[in-house]
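S.K.: Could you have a look at this structure, given as structure tokens, before my questions?
The values are calculated or read from the model by the stated rules, or taken from the named source; none is laboratory data. Note that the structure is predicted; figures quoted are calculated from it, not measured. FYI the Cβ positions are ideal-geometry reconstructions off the backbone, even for glycines, and counts take in every protein chain you see.
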Amino acid sequence: MQVIIFEDEKTPRFSPLADLKPVCDLVTGCHSLRERFIAAFGGRAALTWHVRRHIAPWFSENNPGSVVNSVLEEEVLLVNGRLICDAAVTQFIDAGRIAPGEAVVQNGNLLFCRTTAEPLHVLDTVFPDTIDGMVVAGALSCVEVSGFRLIENLWDCVAMHPAMMREDGAALALGRIEGEVHPSAILVNPEAITIEKGAEVKAGAVLDASDGFIYIGAGAVVEPMALLMERVFVAPGARVKSGARIYSNVFVGGGSKAGGEIEDSIMEPFSNKQHDGFLGHSYISSWCNLGAGTDTSDLKNNYSQVSIETAHGKIATGQQFLGLLMGEHSKCSIGTRFNTGTVVGTSSNVFGNGMPAKYVPSFSWGDGNPGTVRYDADKAIETARKVMARRRVEMSAAYEGMLRAVAGESE
């Protein structure tokens, strides 16, 4: 039986964060959803993937040997890519609780189903862009369940992040100081700290794990006088800048630069916030750059719940704390001040004299307010190519095609 991790009809909700990657590549806690699937399934089954068509060429190129958008076996097990794949998921599958011809549904979401290719509407081995889970479920015998975790809204990765950091921290191998630590650096509660071989903690840095773990990956650098505390995961190859204050559930992805004050936030690989300024309860996608002195508001002055604005209108989040949600390759100028619950699309260049609009569409040149114009796709792609080259990443034709597809959709 072929296991397919699929993208369903609710995937567009996660634009712009999932414009240039499968929804299962979104991060919450210390790992992406896809990393959780791979770790949880282990040797149980070879996972295969269904992703939107504009992403498939790059995803296949970036994951050699992976089966993408193909049905190879008579029977398939569909698993929703928005699931947090934990012990509950694997136990449910291993226990054989999904019968042939059965769909498992939770609150209007298709979580799993065992079926053949026919109900998936695969035509000549071409998958639909997204699989409408409830249409598929309608052709099968449905079982309603509860208790499974999945992301359902654009802000969920941020909302779930503190709990996932606690959960992931409990599974880390802590208490290993194998990297280079300067004698003047201070490690508080080293039993809850891991510094991997090849990592470096420089003079005067303070790693205080009194209230939660600190993990420094191989090749990562913590510069002088930086302060890390209360559950911080610094992925391999990342750099924490001198004088940074990073605390309370922060994920810094590989190749990223993190500086200033950061709390309760996710920085995907190759994102850049190396200067002073506050980032809180935010999701910064890969290849973004926050100019010096950029600040995000993550709490309204009246302490009421935060709403966001997207291409689909205004949405109440139910969250008291929510900062900036920024799509890949977007940038902002020095001194930018983002309002509570701001959404910035893919490949936008944000600048202006005042506070940007709460929604800045993809490929914008300006702050989203009147006077903003469209960022020419050719110029945006040329800039993205230069940014990636600075990190020794070559933009392939497949990646460029994916970026151009998003540019076309945003027109």
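S.K.: Is it the case that some residue within the range 327-336 is out of contact with any Gly (no Cβ under 7 Å at 6 or more places or on another chain), over 22 Å from PHE14 (Cα atoms) and outside the structural domain of PRO16 (by TED's automatic domain parsing)?
M.R.: For the range 327-336, residues out of contact with any Gly (no Cβ under 7 Å at 6 or more places or on another chain), over 22 Å from PHE14 (Cα atoms) and outside the structural domain of PRO16 (by TED's automatic domain parsing): absent.
S.K.: Ok, one more. Residues to consider are GLY243, GLY254; find the one that is part of a loop (DSSP other than H, G, I, E, B), over 15 Å from VAL27 (Cβ atoms) and out of contact with any Cys (no Cβ under 7 Å at 6 or more places or on another chain).
M.R.: GLY243
S.K.: If only one of VAL344, VAL387 is over 19 Å from GLU309 (Cα atoms), of a type outside the set (Phe, Trp, Tyr), under 20 Å from the mean Cα position of the chain (by Cα) and modelled with pLDDT of 95 or more, which one is it?
M.R.: None of the others qualify; the one that does is VAL387.
S.K.: Against the definition (in the same structural domain as LYS10 (by TED's automatic domain parsing), surrounded by fewer than 21 Cβ atoms within 10 Å (Cβ to Cβ), within 25 Å of the chain's Cα centre (by Cα) and farther than 17 Å from LEU26 by Cα), how does VAL67 come out, yes or no?
M.R.: Details: in the same structural domain as LYS10 (by TED's automatic domain parsing): yes; surrounded by fewer than 21 Cβ atoms within 10 Å (Cβ to Cβ): yes; within 25 Å of the chain's Cα centre (by Cα): yes; farther than 17 Å from LEU26 by Cα: yes.
Criteria met by VAL67.
S.K.: Filter the range 160-184 for residues that are in contact (Cβ under 8 Å) with a residue 24 or more places away in the chain, surrounded by 19 or more Cβ atoms within 10 Å (Cβ to Cβ) and aliphatic (A, V, I, L, M) and give the result.
M.R.: Scanning the range 160-184 gives MET164, MET165.
S.K.: Related question: Criterion first (more than 24 Å from GLU167 (Cα to Cα) and assigned by TED's automatic domain parsing to the domain that holds ILE131) does ALA87 satisfy it?
M.R.: no
S.K.: Sticking with this structure for a sec: Among helices (runs of 4 or more DSSP H) lying entirely in the range 1-96, which contain 2 or more residues that are polar (S, T, N, Q)? Break it down into steps so the answer makes sense when it comes.
M.R.: On the way: elements: 33-41, 56-62, 87-94.
Once the helices (runs of 4 or more DSSP H) in the range 1-96 are filtered for at least 2 residues that are polar (S, T, N, Q), what remains is 56-62, 87-94.
S.K.: Please count how many residues of the range 161-196 are among the hydroxyl-bearing types (Ser, Thr, Tyr) and more than 27 Å from the chain's Cα centre (by Cα).
M.R.: Residues meeting the conditions: 1.
S.K.: Right, next: So is VAL23 outside the structural domain of ARG404 (by TED's automatic domain parsing) and in contact with a strand residue (DSSP E or B) (Cβ under 6 Å, 6 or more places away or on another chain) or not?
M.R.: Against the criterion (outside the structural domain of ARG404 (by TED's automatic domain parsing) and in contact with a strand residue (DSSP E or B) (Cβ under 6 Å, 6 or more places away or on another chain)), VAL23 does not qualify.
S.K.: Still on this model: Check off (1) in the same structural domain as GLU309 (by TED's automatic domain parsing); (2) closer than 30 Å to THR317 by Cα; (3) assigned to a loop (DSSP other than H, G, I, E, B) for PRO128 and give me the number that stays unchecked.
M.R.: Tallying (1) in the same structural domain as GLU309 (by TED's automatic domain parsing); (2) closer than 30 Å to THR317 by Cα; (3) assigned to a loop (DSSP other than H, G, I, E, B), PRO128 fails exactly one: (1).
S.K.: Would you be able to tell me the number of residues in the range 362-374 that are part of a loop (DSSP other than H, G, I, E, B) and out of contact with any Gly (no Cβ under 9 Å at 6 or more places or on another chain)?
M.R.: Residues flagged as part of a loop (DSSP other than H, G, I, E, B) and out of contact with any Gly (no Cβ under 9 Å at 6 or more places or on another chain) within the range 362-374 amount to 1.
S.K.: Which condition from (1) closer than 13 Å to SER330 by Cβ; (2) surrounded by 21 or more Cβ atoms within 10 Å (Cβ to Cβ) is the one that ALA357 breaks?
M.R.: (1)
To keep it simple, each residue is scored yes or no on (1) assigned by TED's automatic domain parsing to the domain that holds ARG34; (2) within 24 Å of PHE351 (Cβ to Cβ); (3) charged (D, E, K, R).
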site: ARG239; (1), (2), (3): no, no, yes
site: ALA244; (1), (2), (3): no, no, no
site: ALA258; (1), (2), (3): no, yes, no
site: HIS281; (1), (2), (3): no, yes, no
site: ASP295; (1), (2), (3): no, yes, yes
site: PHE338; (1), (2), (3): no, yes, no
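S.K.: From GLY198, GLY147, GLY204, which residue is at pLDDT 95 or above, at positive phi and touching a His at 6+ places or on another chain (Cβ under 8 Å)?
M.R.: Going through GLY198, GLY147, GLY204 in turn, just one is at pLDDT 95 or above, at positive phi and touching a His at 6+ places or on another chain (Cβ under 8 Å): GLY204.
S.K.: Checking the structure you have, find out if any residue of the range 294-316 is surrounded by 17 or more Cβ atoms within 10 Å (Cβ to Cβ), more than 25 Å from MET395 (Cβ to Cβ) and within 16 Å of the chain's Cα centre (by Cα).
M.R.: no
S.K.: Would you check which residues across the range 61-116 are in contact with a helix residue (DSSP H, G or I) (Cβ under 8 Å, 6 or more places away or on another chain), closer than 20 Å to ILE131 by Cα and not aliphatic (A, V, I, L, M) and list them?
M.R.: SER66, ASN69, ASN80, GLY81, ARG82, CYS85, GLY108, ASN109, PHE112, CYS113, THR115
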